[in-house]
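S.K.: Structure provided below as structure tokens; questions to follow.
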Amino acid sequence: MGMKGKAIEIVGFTKKFGDFTAVDNLSLDIYENEIFGLLGPNGSGKTTTLLTIATVYKPTSGDIYVFGHSASREDYEVRKLVGIAFQEPKAMWIDKPIDLLNWHARVVGYSGDEAKRVVREVMELLGLWEHRNKYFYQLSGGTRKKVELAKVLIQKPRVAILDEPTAQVDVLSKHALWDVIKKLRDEGTTILIATNDMFEAERVCERIAIIYKGRLRALGTIEELKDSIPRGDVIEIQFDGLLPESLRSELEAYGRFELRSNALTIYVEKGEEKVIDIVDLLKGGGVRVKKIMVKEPSLDDVFTYLTGAKLREE
Amino acid sequence: MGSLRTLLVIALWDLMKLKNQKVFIAMRFAWFTIQILVFARAVSYIVSQVVLQYTGGVEYYYFYILGVYTTLLYSTSIARGYMIADEFDDGIVEYHLSLPIRRNLLAVGRVLGSSISTIIFTIPMMLVVYYVLGVCNVVIVLVSLLSAFVFSMGIVSFVILIVFSMKSTDLTDIVVGAIDSLLVRLSTVFYPLPVIAATGIASYYVAAVLNPISHASDFLRILVFPEYHLIAPYGPVALILYITGFSMGLLILAIEYYEKRLEAGGWR
Ligand SMILES: Nc1ncnc2c1ncn2[C@@H]1O[C@H](COP(=O)(O)OP(=O)(O)O)[C@@H](O)[C@H]1O
Ligand SMILES: [Mg+2]
């Protein structure tokens, strides 16, 4: 990875809407030909960052470079390199997928005949061909997202920006789309995905930036991020009733823990052994334990460890 | 990609939308035809003889239907511009801003697309008007199409500027609504300039003389009835230069806006 050039350089990027800071002094590099994930819950500033790379927003301060071109000063150069699939599919209710995609193909440079050919090819690949003449309001959320993704696949840009590409897509299609995304990378495109889905991040992304409330919280490969939790295992305990105040300090002796309503998450070493002691401790304190799980940390756990928050609201 | 090709492809966006509005277009056409053939005759009957002195000898019926056609051009251009506001609401502008095209071409392409759509939309109505007027001179038809097109570009640019600076469809509704009703009334589309002068209200007269809608309708009248120049404030060349200046000025402002200020954020 270190040998490769930088596809995107985000340098001290801050974006404010009025007084509200949506992204706060973000700096990170995305290398050529990697699949990079921006992971964070809703409202973290992922979309704001992606739209600024696509030159739709302008930075309040700092800048973003795409293959060396400044998004704020050379916006047209940047747009020629970047293709984006938006979080909210961009269409009016009365539009038809075939018209939208044919137009898109023309705008990104295909001649009329080429456009028809590539549009059909991509629509068939994504299972959209049968929907080509439906009105947008007749399409399911997942199908709308596929139409959005189709734009990028038609364009084959140097840098593809995918904003929650498989949100609303059914599980079977998700796997198919992840393969399509990987194939696009294999054909030479650098891919930047925003997601709040840790499975998606684990399945497709090679490096990940965790952002929360507009700030970068962690950056690295999935292994690096998991290793950043100092203790190896995660114990999750569900219980009834309240956790007595007195148990807190005793629990702390085992490692850092997070308490959210009736669930306890503890970060420990040698989880299999400690879990017995911890359960005894809870029972002794009068807590009725309902369910116990000992597991390897997931990206969700890394996120919770770093921020105290959850990736997705339950 | 050549600039001209880019422009045409962007303009196709609006033409593609026109395809989905066949029913709407047919209804508007039907309504317009009834207005011209029925109501316009009634209006003219009331005023027929008295006004000849005010219309430079042009029958009021003819004066009136060219005015109705001009308001149609105007309101269709406004409606096409409004589609851009609707698209703003649905975030389409973010999509357009992300495309690999220069912003100035995007601006001109959208204005072109909207005004070409306006012309296509209004051609059937224009043909009805010219049929009633008995005009079959190709040059007159082409020149009036061209002037309608230039006028439409100005109005579309105007709406785009309002939409983008308001950044809210509700505000746009109010502002355009207000300007809309004023602009049409303070013009010569329905009342000849000498009649407006006869009211003795100086500001009304000045507004009508400066109003581009007056120029657009008066230009069409002179084109068809050369004797009309007797009561028009300017000759045909001055009228068309005025319309062109109005449209190009607003178009340049719209391009400026797209290039320098337009950002999708903050549209709520
Ligand atoms: N155009 C805008 N105007 C005002 N606030 C905005 C705008 N876009 C986003 N925000 C705010 O910025 C924050 C980050 O939003 P966003 O980038 O969409 O986050 P994410 O994509 O991670 O869910 C949110 O609190 C959102 O409400
Ligand atoms: Mg988002």
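The values are calculated or read from the model by the stated rules, or taken from the named source; none is laboratory data. The shown structure was predicted, so the numbers you read here are calculated from the model rather than taken from an experiment. Neighbour counts are summed over all protein chains in view; Cβ atoms, including those assigned to glycine, are modelled from backbone coordinates with ideal geometry. SASA here: full protein model, heavy atoms, side chains in, ligands and nucleic acids out. Shrake-Rupley method; radii C 1.70, N 1.55, O 1.52, S 1.80 Å.
S.K.: Which one of B:Leu127, B:Leu106 is away from every other protein chain (no Cβ under 14 Å), at pLDDT 90 or above and at negative phi?
M.R.: B:Leu127
S.K.: Residues B:Val43, B:Val93, B:Val23: which one is modelled with pLDDT under 85 and crowded, with 16+ Cβ neighbours inside 10 Å?
M.R.: Exactly one residue qualifies, and that residue is B:Val43.
S.K.: Can you tell me which condition A:Ile10 does not meet? The list is (1) crowded, with 22+ Cβ neighbours inside 10 Å; (2) within 14 Å of chain B (Cβ to nearest Cβ); (3) of a type in the set (Val, Ile, Thr); (4) away from ligand 2 (no atom under 16 Å from the Cβ), and all the others hold.
M.R.: Here A:Ile10 meets the rest and fails (2).
S.K.: Since A:Lys46 meets every condition but one in (1) at pLDDT 95 or above; (2) buried (at least 19 other Cβ atoms within 10 Å of the Cβ); (3) touching a helix residue (DSSP H, G or I) at 6+ places or on another chain (Cβ under 9 Å), which condition does it not meet?
M.R.: (3)
S.K.: How about region B:89-104: which of its residues are acidic (Asp, Glu) and part of a loop (DSSP other than H, G, I, E, B)?
M.R.: Of everything in region B:89-104, just one residue is acidic (Asp, Glu) and part of a loop (DSSP other than H, G, I, E, B), namely B:Asp90.
S.K.: Please specify each residue of region A:69-96 satisfying the condition of being within 16 Å of B:Ile92 (Cβ to Cβ), at the interface with chain B (Cβ under 8 Å from one of its Cβ atoms) and in contact (Cβ under 8 Å) with a residue 60 or more places away in the chain.
M.R.: Hits for region A:69-96 are A:Ile84, A:Phe86.
S.K.: For region A:213-267, enumerate the residues that are out of contact with any Asp or Glu (no Cβ under 8 Å at 6 or more places or on another chain) and aromatic (Phe, Trp, Tyr).
M.R.: A:Phe239, A:Phe257
S.K.: Would you mind stating whether A:Ile53 is more than 14 Å from ligand 1 (Cβ to nearest atom), open to solvent by less than 10 Å² (accessible area, probe 1.4 Å) and assigned by TED's automatic domain parsing to the domain that holds A:Gly220?
M.R.: no
S.K.: Please note which strands (runs of 3 or more DSSP E) are completely contained in region A:158-266 and include at least 1 residues that are over 30 Å from A:Glu77 (Cα atoms), open to solvent by 20 Å² or more (accessible area, probe 1.4 Å) and not assigned by TED's automatic domain parsing to the domain that holds A:Val78.
M.R.: Correct list: A:233-240, A:257-260.
S.K.: Any residue at all in region A:97-119 that's open to solvent by less than 10 Å² (accessible area, probe 1.4 Å), part of a helix (DSSP H, G or I) and more than 14 Å from chain B (Cβ to nearest Cβ)?
M.R.: yes
S.K.: I would also like to ask the following. Can you tell me which residue within region A:120-134, out of those that are in contact (Cβ under 8 Å) with a residue 12 or more places away in the chain and open to solvent by 90 Å² or more (accessible area, probe 1.4 Å), is farthest from A:Glu148 (Cα to Cα)?
M.R.: Looking at residues that are in contact (Cβ under 8 Å) with a residue 12 or more places away in the chain and open to solvent by 90 Å² or more (accessible area, probe 1.4 Å), I get A:Asn133.
S.K.: Would you mind stating whether B:Met83 is crowded, with 19+ Cβ neighbours inside 10 Å, within 11 Å of chain A (Cβ to nearest Cβ), out of contact with any Gly (no Cβ under 8 Å at 6 or more places or on another chain) and not aromatic (Phe, Trp, Tyr)?
M.R.: Answer is yes for this residue.
S.K.: Suppose the filter is more than 12 Å from chain B (Cβ to nearest Cβ) and near ligand 1 (Cβ under 10 Å from one of its atoms); does A:Asn25 pass it?
M.R.: no
S.K.: Within region A:29-40, can you find the residues that are in a loop (DSSP other than H, G, I, E, B) and either open to solvent by less than 10 Å² (accessible area, probe 1.4 Å) or within 14 Å of chain B (Cβ to nearest Cβ) (or both)?
M.R.: A:Glu34, A:Gly40
S.K.: Here is a follow-up. Assuming B:Val58 fulfils every condition listed in (1) surrounded by 20 or more Cβ atoms within 10 Å (Cβ to Cβ); (2) at pLDDT below 75 apart from one, which condition is it?
M.R.: B:Val58 satisfies all of (1) surrounded by 20 or more Cβ atoms within 10 Å (Cβ to Cβ); (2) at pLDDT below 75 except (2).
S.K.: Tell me yes or no: at least one residue of region A:73-87 is open to solvent by 60 Å² or more (accessible area, probe 1.4 Å), within 16 Å of ligand 1 (Cβ to nearest atom) and in a loop (DSSP other than H, G, I, E, B).
M.R.: Scanning region A:73-87, I find no residue that is open to solvent by 60 Å² or more (accessible area, probe 1.4 Å), within 16 Å of ligand 1 (Cβ to nearest atom) and in a loop (DSSP other than H, G, I, E, B), so the answer is no.
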